[in-house]
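Q: Structure provided below as structure tokens; questions to follow.
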Amino acid sequence: SISQDFVEDNKGAYDVTNYVPYNKTLYTENFKLIDCPQNIGNISLITKMKDTSMQPLIKNGALLFVQYVSSLGENDICLVLYNDEVLVREFSTSKNNIKLVPKNPSFETITISKNDENFTIVGKILYY
């Protein structure tokens, strides 16, 4: 913890005049701040859908409002890294595997082991 003496000694050491407002989030395509929908909170980043794997649910080019999470629930729509590729898929699990399921039948379901080091959860898609 920070001591009270440290706080007093450093009071006014810097003044923050610009900060990210609570109702804006960083858009990764152009690194600008854009407005978040009012009915959702805790948005970590905004990115764009890059393919048709989730159509008809999510259209190619749609904005994705992502909340960083460390775990996902069954059937959550998620943003993940797998083999250095960014993917948006529906999350599903079985005893030893994770399935990344597309909505578009022309894309294949990806099945990976739960301890695969090439898999990282980035976040849950809250709004699109």
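The values are calculated or read from the model by the stated rules, or taken from the named source; none is laboratory data. All values derive from a computational prediction rather than experimental measurement. Cβ sites come from the backbone with ideal geometry, for glycine too, and all protein chains shown count toward neighbours. Protein only, heavy atoms only, side chains kept; ligands, DNA and RNA dropped before computing areas. Shrake-Rupley method; radii C 1.70, N 1.55, O 1.52, S 1.80 Å.
Q: For TYR82 and THR109, compute 0.36 nm times the residue count separating them, minus their Cα-Cα distance, and round to one decimal in nm.
A: 8.4 nm
Q: Just reorder TYR27, TYR68 by solvent-accessible area, largest first, 1.4 Å probe, all chains present.
A: TYR68, TYR27
Q: All other residues with a Cβ under 15 Å from the Cβ of ARG89 taken together, and with Lys, Arg as +1 and Asp, Glu as -1, what is their net charge? Please report the intermediate quantities before stating the final value.
A: Values: positive: LYS50, LYS99, LYS103, LYS124; negative: ASP51, GLU74, ASP76, GLU85, GLU90, GLU108, ASP116.
Combined, the nearby Lys, Arg, Asp and Glu give -3.
Q: So how do LEU87, LEU72 rank on accessible area, 1.4 Å probe, biggest first, that is with the largest at the start?
A: LEU72, LEU87
Q: Now a separate question. Looking at the square roots a ≥ b ≥ c of the eigenvalues of the Cα gyration tensor of the range 22-73, which shape do they give, rounded for a/c under 1.5, prolate if a/b is larger than b/c, or oblate?
A: Judged from the Cα gyration tensor, the range 22-73 comes out oblate (a/c at least 1.5, b/c at or above a/b).
Q: Might you work out the accessible area of ILE43 for me, using a 1.4 Å probe with all protein chains in place, and round it to the nearest 10 Å²?
A: 30 Å²
Q: With a 1.4 Å probe and every protein chain kept in, tell me what percent of the accessible surface of the range 38-115 is carbon plus sulfur.
A: Numbers: 2000 of 4460 Å².
Carbon-and-sulfur percentage of accessible area, whole number: 45.
Q: For THR52, tell me the accessible area in Å² from a 1.4 Å probe, rounded to the nearest 10.
A: 50 Å²
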